[in-house]
Structures are given as structure tokens and as C-alpha cells.
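Notes follow once the structure below has been shown.
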Amino acid sequence: MHLFRFLFGSALILLQLVTTTNNFFAHGFYNKDIGVSVKGATKSTTRANKLLLSNGGDNRSTPITTMESKAQTAKELFGKYFDETRSTEEEVIPVTTAIAVAPGRVNLIGEHTDYTGGFVLPFAIDYSTVVYGQGSVKVSADGNGESKAKISFASALFPDSLKTFEITESSTPSETPDWTSYVVGTVFQYLQDLPKGSEIGLKFCITSDVPQGSGLSSSASLEVAVGRFVETVLGEYAFASDRKQEDFFPPKVRALRCQKAENEWCNSPCGIMDQAISSAATNGSLMLIDCRALEFKVTEMAKESLMLEDPMPVIVVANSNIKHSIGGGEYPIRVAQCKSATDALKKVNPDIVTLRDATMEDVENAKEYMTEVEYNRATHVITENDRTIQAKEELEQGDWKRVGELMNDSHASMRDNYEVSCKEVDILVDIAQNFPGVYGSRLTGGGFGGCTVTLVAEDSAEELMAHIKSEYKEKTGIDCPYFVTRPTRGAHLLSVKDFKPIVG
Ligand code: GLA
């Protein structure tokens, strides 16, 4: 994994927040979670819901960048780098102007199950990446030769570093990928849609407020926002090769393409979860995703508690401020261990294709063919799949206590069987799990640092956050920013006139 090496620093809008959110937004230095932070955002606003985003400082609400503000920032940058009135290439018409948005995500449960075809239960969050730009397509008259793309883009983070790439269908990924690889790798996936010999011209600017390196999928949100933008430019050509499929669902194809971009262009063997939820999330709902079939089941939390005495919950995200590093050595090792565990399982049950197919009985039967580590990894994945399916049902029933137990069990399994937690995250989880009103708490995302997700009674959330702040600092010496969140919508477009979401 090379992507650790790219330093992105913090962006101005994030710096606005840093005064109150400490380092939550300040670490932009991770391999996998590479986004492009908003620089020079012009305004922010305070949410009506006091709980929606707390600051880790003194429990005041913290400003969050509005979608309008992100879009405005990207537009202003675009105006700076590109002359809006000129087409990408003189003879290329028509020019499409579009604004695409894609969110980061929190996974409630179902961790390290996606790359073995299992189940995950994530939701999209308010933090997102925005792409503002123009593009055009020149369709080849004779249908000969390779299609190509000329791409010019800038990030809010690098005001003086406009990047330009020309790629063709036979282009290959850089051996030393950096953040531009997420962008270029994604555009590459769309060349197949055009008739042979065609050309795409793209110029755009990117802003984002997805906290980087915190396990909240800033990189997936970058890929998905770029993908959504390119699709708009391609218009009727977008997904040409996929439209014939019976179950054609653009968010699904987009997710697969973005995952491919990340796997092949960014040296990150990630699963499909992050791109899938960023692409397909429904406003207000979680999604149970079957990562093998790529089926999405909209999951709504019950509007009432199953047990009248259980208060309704909210979801709190807390950041350990330990750098999350999925593309570092450990994530690919887990992927490989799952594969070798599967090979052992095949010896006792040839029907097993991935860990998704195995039961704990199979694992016991195959124990003699496995190392202890492989046994533990398989145990995590198989039990986590069960917990995830159960959690969906309990959420819909409003059985918050049961959901919480499943979350706690998930964390224990990630810590002990899968070994993807770390001391600080365990401390954070422990603080939350022992606080009155908390139903459950666990590590969310790839692990080795990053964030925790906690289901807590709404009335106790403010106190919990204050408690986390002081206890975590006392036990680790590290600040712990946090926020209350709710499920929001997946990739979509904004109107270029008023920056309002275009729904549908
Ligand atoms: C990262 C990866 C996902 C998934 C999670 C762990 O976020 O990108 O594909 O594997 O880790 O659940």
C-alpha cells in the first residue's frame, strides 16, 4: 500500500472547525481515506438539532459545512482555474455543467464481511464530497481506435496545483498512486461506455468535508462523486454496456466501478461496502447490503421502541484520533487470511465458495486444516454475518437493547477474533459501553484506529459525549471529537442554479 504517503493536510473549512473539533478533521494523512478537503468554504451554519454535531469541546453545537457552501466553494475554484464560458475543447459540444455529491458513511454493524461476500449495515452521513465541473463528449464518427479522456481537475486543498491527465482504454495505473489515482481511476472505468474512438473532455473542482483517515470513507465519497459527475457528462452513453442487464441499477454499477478504481488504481483491496452505500443510500435509512448479490435492503429504524421503557436512541460517532490505515499492511493480510481459511473449509465442504457460505459447524469440522488465526478470522466473519442480519430485524422492531448487544459482541469479535481494533479504540468503546443509557458501542470501519459508533438513548447522548471527552482524554491524553448523526442520501446531483439537491 502506497497511499499512506500522501499528505493532504487540513483544509481551511476544516480549520474553521479545528478550533472546536481538535484533530477530528485535521488528519488528512491516511492511505485509504483520501478525500479532498474543502478549502476556502465561504459559510457554514449551525444545525437546528443541537445533537446533530457536537464538538468535543464543551458540548456546543458545532458548525457543519452546508451543501450549498461546499458547492459554492467548488464553483469559485472552478471559476479560478477554468474559464466557464469556454468548452473543454473548442470543437467539442455540447458542454454539460454539473454538480455531483457523494457522502461518507458509518457502518452500524457488519465489519470485514464485505470482501467475503457477506452482509453489512451502513448508512450515509452528512459529510460529503462535491464535484463541480463541465464536460463534453465527442463521439467518433467511424467508431475506430481507442476512446480517450482528457481530464483537468483541481482540489480545494491544492489551490495552485491543477492536474491534467490524458488516458486511453489501454492506460495503466501509476506504480506510485496518489490521490489523483482515485479520480483518474474512476474516470477510466467510464471509457468503456463510449463508442470506440470517442473522446471525453472533463474539467472540475473538488471539495469535501468528510473527515479523512477516520474510517468514514472519504476516498469512496471522492470516487463516487467523480463517477456521478462523469455519468452526467456522458448522458445517454453512461453505462451503455450495462443497460442491457435485467437488474440494471446505476448506483450498483457505479459502486462496482468505483471499487474497481480503488482496487486497481490505488492498490487498495477494499470490499464493496463504502462505494455501495455512498452510491446507493436512501435518505433516512440504513441499508442491509448483501455484498455477494449486491442487493440493497432499505432498513428503517422503528419509530417507537419495542419495550416502552427503552428510550429512543440516537447514533453517536466518536473519533479515537488514531490514524486509520486500511491500505497499510494489515487489511490485505486479513483479506489473505480469509482466503486461506476458505481454502481449508473447502476441504470439508466443497460447496463453500467464500466465507459467506460457511457455518460455525463447518469451521469446527475444518479446524484441523486451519491455523488458530484462520480459525479466529473465520469465526469473526461467520458470526458477524449472523449479527448483521439480526441487527437489521431488531432495528426494525425497535429492540434497541438487542441491537446494542449485537454491537458489543461485534466489537469483542473484531478485537479478539479479527484483531483489527487498537488500545485507544478499545478504551473509547469501553467508556461508552459502561455509560448509562448506552445500548451498544463498537469500532466502525476498517479498524486499527478511526471511529466508534454508539447507539445511545437520546436523552443521555449529551452527557455521554461530555463523558467520552473527559474520560478518553484522561485515559489516553488524546482529544476525542464526536458527532451525532443520522442516515442521509447517497450520490446525487445539485442544481447548478441554486445548489439544491435534484432528487430522482
Ligand atoms: C474498509 C473497506 C471496506 C470494508 C471495511 C471493513 O472501510 O473499504 O470495504 O472492508 O473496511 O468492514
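The values are calculated or read from the model by the stated rules, or taken from the named source; none is laboratory data. Everything quoted here is computed from the prediction, not taken from an experiment. For neighbour counting, all protein chains shown are included, and Cβ atoms are generated from backbone atoms with ideal geometry for every residue, glycine included. Remember, those area values only see protein heavy atoms, side chains included, never the ligands or the DNA or RNA. Shrake-Rupley method; radii C 1.70, N 1.55, O 1.52, S 1.80 Å.
Numbers for the structure displayed
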item	result
Criterion violated by Cys338 - all others in (1) crowded, with 24+ Cβ neighbours inside 10 Å; (2) within 11 Å of the ligand (Cβ to nearest atom) satisfied	(1)
Residues of the stretch 451-498 satisfying the condition of being among the β-branched types (Val, Ile, Thr), within 26 Å of the chain's Cα centre (by Cα) and under 15 Å from Ile431 (Cβ atoms)	Thr452, Val453, Thr454, Val456, Ile468, Ile478
Of the criteria (1) open to solvent by less than 30 Å² (accessible area, probe 1.4 Å); (2) in contact with a strand residue (DSSP E or B) (Cβ under 6 Å, 6 or more places away or on another chain), which one Glu458 fails	(1)
The one condition in (1) away from the ligand (no atom under 16 Å from the Cβ); (2) touching a Lys or Arg at 6+ places or on another chain (Cβ under 6 Å) that Gly449 fails to fulfil	(1)
Hits in the stretch 256-269 - residues which are in a loop (DSSP other than H, G, I, E, B) and crowded, with 24+ Cβ neighbours inside 10 Å	Cys266, Ser268
Arg489, sole failed condition from (1) touching a strand residue (DSSP E or B) at 6+ places or on another chain (Cβ under 7 Å); (2) buried (at least 23 other Cβ atoms within 10 Å of the Cβ)	(2)
Residue match in the stretch 139-152 (condition: out of contact with any Pro (no Cβ under 7 Å at 6 or more places or on another chain), part of a strand (DSSP E or B), at pLDDT below 95 and more than 16 Å from the ligand (Cβ to nearest atom))	no
Candidate set from the stretch 452-487 (those that are charged (D, E, K, R) and in a loop (DSSP other than H, G, I, E, B)); member that is farthest from the ligand (Cβ to nearest atom)	Asp479
Filter pass, Thr282 being away from the ligand (no atom under 16 Å from the Cβ), within 27 Å of Val453 (Cα to Cα) and β-branched (Val, Ile, Thr)	yes
Cross-chain or 6+ apart pairs with Cβ under 7 Å, the stretch 291-311 first and more than 11 Å from Leu121 (Cβ to Cβ), then surrounded by fewer than 16 Cβ atoms within 10 Å (Cβ to Cβ) and among the aliphatic types (A, V, I, L, M)	Ser305/Met312
Which listed residue is over 14 Å from Ile109 (Cα atoms) and surrounded by 22 or more Cβ atoms within 10 Å (Cβ to Cβ), from Arg356, Arg377	Arg377
Scan of the stretch 179-214 for residues that are surrounded by fewer than 24 Cβ atoms within 10 Å (Cβ to Cβ) and over 20 Å from Lys260 (Cα atoms), ordered by number	Pro195, Lys196, Gly197, Ser198, Glu199, Gly201
Residues of the stretch 413-437 satisfying the condition of being more than 16 Å from the ligand (Cβ to nearest atom) and surrounded by fewer than 24 Cβ atoms within 10 Å (Cβ to Cβ)	Asp416, Lys423, Glu424, Asp426, Ile427, Asp430, Gln433, Asn434, Phe435, Pro436, Gly437
Residue tally, condition surrounded by fewer than 23 Cβ atoms within 10 Å (Cβ to Cβ) and either among the aromatic types (Phe, Trp, Tyr) or closer than 17 Å to Cys338 by Cα (or both), over the stretch 400-412	0
Cross-chain or 6+ apart pairs with Cβ under 6 Å, the stretch 450-461 first and touching a residue at least 40 places away in the same chain (Cβ under 8 Å), then assigned to a helix (DSSP H, G or I) and of a type outside the set (A, V, I, L, M)	Leu455/Gly404
Search result, residues across the stretch 153-189 that are at pLDDT 95 or above, of a type in the set (S, T, N, Q) and part of a strand (DSSP E or B)	Thr164, Thr168
Residue ID - farthest from Gly440 (Cα to Cα), chosen from residues in the stretch 118-132 that are within 12 Å of the ligand (Cβ to nearest atom) and open to solvent by less than 10 Å² (accessible area, probe 1.4 Å)	Gly118
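Table: residues versus (1) among the acidic types (Asp, Glu); (2) in contact with a Ser or Thr (Cβ under 7 Å, 6 or more places away or on another chain); (3) closer than 30 Å to Val456 by Cβ; (4) more than 16 Å from the ligand (Cβ to nearest atom).
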{"residue": "Phe229", "(1), (2), (3), (4)": "no, no, no, yes"}
{"residue": "Ser241", "(1), (2), (3), (4)": "no, no, no, yes"}
{"residue": "Gln259", "(1), (2), (3), (4)": "no, no, no, no"}
{"residue": "Leu288", "(1), (2), (3), (4)": "no, yes, yes, no"}
{"residue": "Leu294", "(1), (2), (3), (4)": "no, no, no, no"}
{"residue": "Pro313", "(1), (2), (3), (4)": "no, no, yes, yes"}
{"residue": "Val317", "(1), (2), (3), (4)": "no, yes, yes, no"}
{"residue": "Pro332", "(1), (2), (3), (4)": "no, no, no, no"}
